Structure formats: structure tokens, C-alpha cells
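Undergrad: My questions all concern the structure below.
The values are calculated or read from the model by the stated rules, or taken from the named source; none is laboratory data. Quantities reported herein were computed from a predicted structural model and do not represent experimental measurements. Please note: Cβ atoms are built from the backbone with ideal geometry, for glycine as well, and neighbour counts cover all protein chains shown. Remember, those area values only see protein heavy atoms, side chains included, never the ligands or the DNA or RNA. Shrake-Rupley method; radii C 1.70, N 1.55, O 1.52, S 1.80 Å.
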Amino acid sequence: MKVNEYYRASSIEDAYLKLQENPKNVILAGGLWIKKIGQDCNALVDLSTLGLNKISETKDEVIVGSMVTQRDFENSPLIRSLFNDSIAFAVREVMGVNFRNIATVGGSIMGRYPFSDVICGLLPYHVTLEFYPKQTMSLEEYLEYKGKLNAILVSIHIKKEKGRGFFKKVKITALDFPIVNFAVSKVNGKYSIVVGARPMVAALAKKAMEYINSLSKISELDYKKAAEIAAEELSYLDNKDSSKEYRIDLTKVYVARGLKEVSK
Ligand SMILES: Cc1cc2nc3c(=O)[nH]c(=O)nc-3n(C[C@H](O)[C@H](O)[C@H](O)COP(=O)(O)OP(=O)(O)OC[C@H]3O[C@@H](n4cnc5c(N)ncnc54)[C@H](O)[C@@H]3O)c2cc1C
């Protein structure tokens, strides 16, 4: 890994201007993924002194600065109060505590990692990303955005709503990447179903959601039917960690279990 310059930004505007100077300048958050892939860059633009490491709230939202560490996120009473702690639980499944003391929520979202537990855990909810220069988009829109967004993530806005959540990461060993992950929610009476690490980035199982949300009375069989739809509508692949068939079998089990759990 070669880096020509370390640059500590003095403001978000300063960071953005530095980013524009050279296509090989990159934003530095926790730096763990940049290090892992050994990314060569011209300048590393550090955001660590810009005050983006705070979690706050308004009447309607919890607002998470992009430089908040995964550890501060998972321990935040504001985050823990949302959806029976299920978003915090998803983040708690990443590596160990020392790692999460460094890895940031912003770095976890901007990378759009196919294995991401953080993205999977957030996707069932109303989550809006705020960028510099001024632009907002939902997390789902960002995941579908083609190409690299030439902007800096400033904050993540999570809408405060009443509901329950479920998260499950299936992994081979305790500190491993997921071989598949699931997040299910019931918010304001509506279900959302997310399957990630298939091994593609987390996505909403919209047909399964449409099915379960169209029913006026729901039985255990309907949870299973919705899980089967989720297993059919999303694409799954083999990789060295798991076969496609195993991922599909796990989807049928855990989506049904998640739906049952959030219905309690
Ligand atoms: C060994 C290892 C194991 C892992 N296991 C898991 C796992 O099991 N589950 C899981 O969910 N995740 C896992 N991760 C990913 C980890 O949780 C983080 O998501 C990852 O390290 C990125 O966070 P970071 O703060 O280190 O970002 P960095 O490495 O600093 O940055 C990552 C990317 O995001 C860009 N970026 C960062 N912040 C911003 C911003 N504010 N605006 C614009 N661009 C930005 C950077 O330029 C870079 O391209 C793992 C990572 C490693 C290294």
C-alpha cells in the first residue's frame, strides 16, 4: 500500500476540495478497509477532527455522524432504543470490540460491502444519508446508485418509529464475515425483509414484503410462504464460504423466524 500524503481536513469543505484535487485522493475514516485491501492512494483525507463523531436526536430522527465508531453506535442509548435494539445488535456482530472501536458507521455504508452487517441491519428502516455537497438520498437509493458517488457522507438519519426488529448473521466462526445475513422488521404494522451477503449487498425482498403485507390475518404458514418468496425473488451465488443452495435454505428458515419474532 502506497500513500503519498496524509491530509487532516480542517472543515468538510476543505476535505471535499482536497478530494477533488486528484482522482486518487481518498477519504480516510477508520482506515480498516483501506488497509485491508492495500489501496494505493495519493492523499488520505482524514475527517477525524471535524466533529462528525456524535449521535444526536430531534423529535423525529436519530442523527449519526459518519465518523461515529461502530462501538459508540452499538452502545448508544438512542440507537439501542430503536426497534428493540436490533440495529445495534447487527453492528455488534462485526469482528471484536477493538476493531469496532476504530471502524466507523460512515465507512461501513460508503463501501457498500456485499457482506455488510451494518447495511443489512439498517436497510429495513427509514434511513436517509446526508452528503456534502448538499444532497440526501435514502440508504436504498444509495445502494442502487450506479458508480462512485463523488461526495462525502456527513450523517445518517434514522427515523424514529414504533416497531420491532430482528437480525441474524450466519457465519462459520465467531469473528467471521457472514455467509448470509437477515434483517426483518415490523414498523407501523408493515413488514420489511432484507437478505444480504448472498454474497451480494443487502436488498429488500419486495415481493415477499408485498405478500405478507397484503394479508389481513397472518398464520405461521404465511411466514413460511413469505420466506420462500424471498428465497425465490433474490439472486444467490456460490462462493468459497457457502453454496448457493445453503444460502437459499437458510433464507427459508431465518426469514420465517424473523417474521414470527417481529410479530410478537
Ligand atoms: C478484517 C475485516 C473484517 C470485517 N468483517 C466485517 C463483518 O463481518 N461484517 C461487516 O459488516 N463488516 C466487516 N468489515 C467491514 C468493517 O465493518 C467496516 O465497514 C470497514 O472497515 C470500513 O470502515 P472504516 O471506518 O474502516 O472505513 P475506511 O476503511 O476508512 O473507508 C472505507 C471506504 O469508505 C470511504 N469513506 C469512509 N468514510 C467516508 C465518508 N464519510 N464519506 C465518503 N467516503 C467515505 C473511504 O474512502 C473508503 O473508500 C470488516 C473489515 C475488515 C478489515
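Undergrad: Of the lysine pairs in the stretch 216-256, how many meet both conditions: Cα atoms under 21 Å apart, and a spacing of 8 or more in sequence or different chains?
TA: Taking the stretch 216-256 as the scope, the lysine pair count is 7.
Undergrad: Which of rounded, prolate, oblate describes the stretch 165-263, given a ≥ b ≥ c as roots of the alpha-carbon gyration tensor eigenvalues and a/c under 1.5 marking rounded, otherwise prolate only if a/b is larger than b/c?
TA: prolate
Undergrad: Mean separation of Cα pairs under 8 Å and 6+ residues apart, divided by the residue count of the chain: what relative contact order is that in percent?
TA: 15 percent
Undergrad: Can you tell me the dipole magnitude for the chain around its Cα centre, using point charges on the Cβ only (Lys, Arg +1; Asp, Glu -1), in Debye to the nearest 20?
TA: 500 debye
Undergrad: I've got another one for you. Using a 1.4 angstrom probe, figure out how much accessible area the chain has per residue, in square angstrom, rounded to the nearest whole.
TA: 49 Å²
Undergrad: So what's the gap between the Cα centers of the stretch 215-264 and the stretch 108-184, to the nearest angstrom?
TA: If we compute the Cα centre of each part, the gap is 20 Å.
Undergrad: Give the peptides 201-208, 2-9, 48-55, 181-188 in descending order of average Cβ contacts within 10 Å, highest first.
TA: Descending packing order for the listed peptides: 181-188, 201-208, 48-55, 2-9.
Undergrad: Next question, about the same structure. Contact order normalised by length for the stretch 168-262, with contacts defined as Cα pairs under 8 Å and 6 or more residues apart; what percent is it?
TA: 27 percent
Undergrad: Now, a different point. What size of dipole, in debye to the nearest 20, comes out for the stretch 15-75 about its Cα centre when the only charges are +1 on Lys and Arg C-beta atoms and -1 on Asp and Glu C-beta atoms?
TA: Roughly 240 debye for the stretch 15-75.
Undergrad: So which aspartates and glutamates can K146 reach, going by Cα to Cα under 13 Å and dropping same-chain residues fewer than 8 places off?
TA: none
Undergrad: Within straight cross-link reach of K24, meaning Cα distance under 19 Å, which lysines are found once same-chain residues fewer than 8 apart are removed?
TA: Result set, ordered by chain and number: K2, K35, K36, K148.
Undergrad: Nearest 500 deg cm²/dmol is fine: what mean residue ellipticity at 222 nm does the chain get from its DSSP H runs of n ≥ 4 alone, each adding -39,500 (n - 2.57), divided by its residue count?
TA: That comes out to -9500 deg cm²/dmol.
Undergrad: Between K260 and E57, what is the label-to-label distance in nm when each label sits 7 Å out along the Cα-to-Cβ direction?
TA: Using points 7 Å along Cα→Cβ, the separation is 3.2 nm.
Undergrad: So, with a 1.4 angstrom probe, what is the percent of accessible area on the stretch 168-262 that is carbon and sulfur?
TA: Heavy-atom surface of the stretch 168-262 belonging to carbon and sulfur, 1.4 Å probe: 53 percent.
Undergrad: Which of the trypsin sites (Lys or Arg not before Pro) found in the stretch 211-251 are in a DSSP loop and have at most 11 neighbouring Cβ atoms, other than their own, within 10 Å?
TA: Counting only loop positions with at most 11 other Cβ atoms within 10 Å, the trypsin sites (Lys or Arg not before Pro) in the stretch 211-251 are K217, K240.
Undergrad: Treating cross-link reach as a plain straight distance, find the aspartates and glutamates whose alpha-carbon is under 17 Å from the alpha-carbon of K162, omitting any fewer than eight places away in the same chain.
TA: By straight Cα distance, K162 reaches E57, D60, E61, D85, E261.
Undergrad: I need to check one value: relative contact order of the stretch 82-130, counting alpha carbon pairs closer than 8 Å and at least 6 residues apart, in percent.
TA: Across the stretch 82-130, relative contact order equals 44 percent.
Undergrad: Using a 1.4 Å probe over the heavy atoms of the protein chains, calculate the carbon and sulfur portion of the accessible area of the stretch 3-46 as a whole percent.
TA: It is 49 percent, rounded to a whole number.
Undergrad: When the chain is modelled as a GNM with alpha-carbon springs shorter than 10 Å, which of G121, G106, G31 fluctuates the most?
TA: G31
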